[in-house]
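Have a look at the structure below before the remarks.
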Amino acid sequence: MHGLALFISVFLASAVECVEAVTIVLAAGTARHWKSALQGTLAAFLLLGGIIALGAPYIPNLPMNALRLFVGTLLLVFGLQWIRKAILRSSGFKALHDEDKIFKDEFEAAKRVAAAGRFGVVDWYAFTLSFKGVLLEGLEVAFIVLTFGSIQQQVGLASYAALSAAAIVAAAGFALRKPLARVPENTLKFIVGIMLTAFGIFWAGEGAGSNWPAKDLAILMNAAFLLVISYILIVMLKSRKAKAKVKIPAVVDFDELDAETVLEDRGIRKVLRDFSFFWYDFLIGDDLIGTAIVLAGLEATYLLTHSGTNAWWLMPIAVAILLPVNLFRVTR
């Protein structure tokens, strides 16, 4: 993957997460105290920068094939979550992501909490709400930066793409002083999900030992394959919903954790439990069966490849199986 493709991929993925983070910070600043909200945002940025700085130097020393397999598997599982949710939204089984509603909910919740200062911060609630929102969305950005950047050994370029996305989204949000509701976030999530999964299939397959017939062009072929499957599933699910004799409720899953439910002052055990749940939901979500299919597919790819069969085709087939299995299960 060339530098431009890396930049675009990381930029788009980061922009989606930044829109959500900016919405939370705007709610905290507008309803509570702007200085405290910005202090929380800065604290989260410093922590995220430290995480990337600590992880980046060690990544080039890892075996490249093992790194491709590990990173590809993570991206594949993570990207499939985004695709599944995008298909559910497009077919009417899940509500579209509404930044205006999120802003109003956060705004009303923030107004109800009594003001209190702590550790030199005037409004501790505004500080922690911004800190948690930026940190949780930022962890996803850090994951994307380290995974994409490490494979291409261009963590610096990936970091620059993420920072550019953050700067543009933040500037637009604070200039308008309202959520970026007109940003086609649901469409962006669909595109980013396709991209993450296409790269994940490619890198995981390479890490398992397979050789792609068209080299790097296989990434585009994987993306086209995923788009076709997604479109077919959207049409099928729309038809299924239209033919239902009773109203089918929206699918309820873990989805993105509300920033207020994580890292609150409820004891260290509660904090650790919530934080562990965040990472489980982030990487696996509601599809443990799908994750098992991905791991089984990679194991089969490895065994076939090392027995003399170039099984590059196996992971696309596995994805074509697990997507409908999950979607028809959760909409049943």
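So here's what we get for this one:
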item	result
Residues D123, D216 arranged by fewest to most Cβ contacts within 10 Å	D216, D123
Ordering of 4-16, 200-212 by burial proxy (mean other Cβ atoms within 10 Å per residue, highest first)	200-212, 4-16
Of K94/K241; K35/K132; K85/K132, those spanning more than 18 Å from alpha-carbon to alpha-carbon	K85/K132
Residues in the stretch 74-91 that a label on R332 would reach, taking backbone N under 19 Å of a point 7 Å out along Cα→Cβ	84-85, 88
Between the stretch 131-160 and the stretch 202-219, the alpha-carbon center distance in angstrom	23
Residues I321, I83, sorted so that the one with the fewest Cβ neighbours within 10 Å comes first	I321, I83
Packing-based exposure ordering (other Cβ within 10 Å, fewest first) of M64, M315	M64, M315
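Each reported figure results from applying straightforward, stated rules to the coordinates on display, with no laboratory input. On a predicted model such as this, the values are computed, not experimentally measured, just so you know. When we count neighbours, we look across all protein chains shown, and the Cβ atoms used for this are built from the backbone with ideal geometry, even at glycine.
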